[in-house]
Amino acid sequence: MSSVPAATDPAAPAPTGGAARRSGAAAQGAFVLHSYDWSESSLIVELFTRDAGRVVAAAKGAKRPTSQLRAVLMPFQPVAVQFARSRGDLGEVRTLRTAEWGGGEATMLQGSDWFSGFYINELLLRMLARDDPQPRLFDAYAATLRSLGHGEARSEAALRAFELLLLRESGVLPDLGRTTPTQKALSPAGRYVLRSDQGLVEAAAGEAAIAAETCLALASALERSAGQPPVDDALQALQGACARELPALKTLLRSQLHYHLGGAPLRTRQLVLDTQRLLEANSPPR
């Protein structure tokens, strides 16, 4: 654990030693997904925690210039947090008692990888229910962040792998090792598509599709990730399978996510498109 001191809610000092044990407070790993103003001095923070899943917390005093929370509650950085249940009028919103640097190597995303990080944050906010622990997905999220920033191809494979894991952990991804309607083995020479209303089926002529060999590699890697090997090894295997047919897989998974998000567009994706248009409009003529 880093020697950086804990950032503490001034209105609710963190218990230490015996006081911590009596309060039942326990630090847990977390990442900041999103935050917004609550008052002149405080924030509401959406966190993805390993032990409790997606959690909403009030970070009192976090906007004050002297608050140590300002430097700790940053996107893509591991933090260790403690909560106390709020007794105010915030309903299911918890009170953030302490937050400190979670250790490990800092993730500094830039350019398109910065957008990619916020894209997967938005997916988690939209797809996950609150207070539903997802430890495998939490570990995969941390490992995916480490995979970004190492070239476009690797970043794209990392995004596709995380989308697959998110769909699988949400219970909406069909078995990719057999056709959904018939539960038959895949034809070695066949090409297959994911359809929101049918699952995995043989592709029609001209459809964006992936080969049976790729489907089986994805199914094997997903099965491996559901077990207990080191998450980095399992995720690398899944990313490698995704890298076989990135364009077609991107099209298929985008359709799946659009369906399970109720058709509502992702703000991050629209922001990327708007940024690209702005850059093209302001680029000098060739």
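Taking the stated definitions as given, is residue 139 open to solvent by 10 Å² or more (accessible area, probe 1.4 Å) and either without any contact (Cβ under 8 Å) to a residue 60 or more places away in the chain or touching a strand residue (DSSP E or B) at 6+ places or on another chain (Cβ under 6 Å) (or both)? No; evaluated as a whole, the condition is false for this residue. Criterion first (open to solvent by less than 60 Å² (accessible area, probe 1.4 Å), free of Cβ contacts under 8 Å to residues at least 24 places away in the same chain and either closer than 22 Å to residue 113 by Cβ or in contact with an Asp or Glu (Cβ under 7 Å, 6 or more places away or on another chain) (or both)) does residue 190 satisfy it? Yes, satisfied.
Scanning the range 44-60 for residues that are out of contact with any Pro (no Cβ under 7 Å at 6 or more places or on another chain) and farther than 22 Å from residue 70 by Cβ yields a single hit, 54.
In this structure, does residue 101 turn out to be open to solvent by 40 Å² or more (accessible area, probe 1.4 Å) and without any contact (Cβ under 8 Å) to a residue 24 or more places away in the chain? It is false that residue 101 is open to solvent by 40 Å² or more (accessible area, probe 1.4 Å) and without any contact (Cβ under 8 Å) to a residue 24 or more places away in the chain. Does residue 285 satisfy the criteria of being at pLDDT below 95 and either in contact with a helix residue (DSSP H, G or I) (Cβ under 8 Å, 6 or more places away or on another chain) or farther than 21 Å from residue 172 by Cβ (or both)? Yes, satisfied. Mind checking whether some residue in the range 165-172 is open to solvent by 20 Å² or more (accessible area, probe 1.4 Å) and of a type in the set (S, T, N, Q)? Looking through the range 165-172, at least one residue is open to solvent by 20 Å² or more (accessible area, probe 1.4 Å) and of a type in the set (S, T, N, Q). So is residue 37 over 11 Å from residue 131 (Cα atoms) and open to solvent by 70 Å² or more (accessible area, probe 1.4 Å) or not? Judged against the criteria, residue 37 is a match. Residue by residue through the range 234-254, note down the ones that are out of contact with any Lys or Arg (no Cβ under 8 Å at 6 or more places or on another chain) and not hydrophobic (A, V, I, L, M, F, W, C). Result: 236, 240, 244, 245, 247, 251, 254. Looking across the range 31-87, the residues that are among the polar types (S, T, N, Q) and in a loop (DSSP other than H, G, I, E, B) come down to 39, 41, 42, 66, 67, 68, 77, 86.
The values are calculated or read from the model by the stated rules, or taken from the named source; none is laboratory data. Please read these numbers as outputs of a predicted model, since none were measured by experiment. FYI the Cβ positions are ideal-geometry reconstructions off the backbone, even for glycines, and counts take in every protein chain you see. Quick note on the areas: whole protein, heavy atoms, side chains included, nothing else; ligands and nucleic acids left out. Shrake-Rupley method; radii C 1.70, N 1.55, O 1.52, S 1.80 Å.
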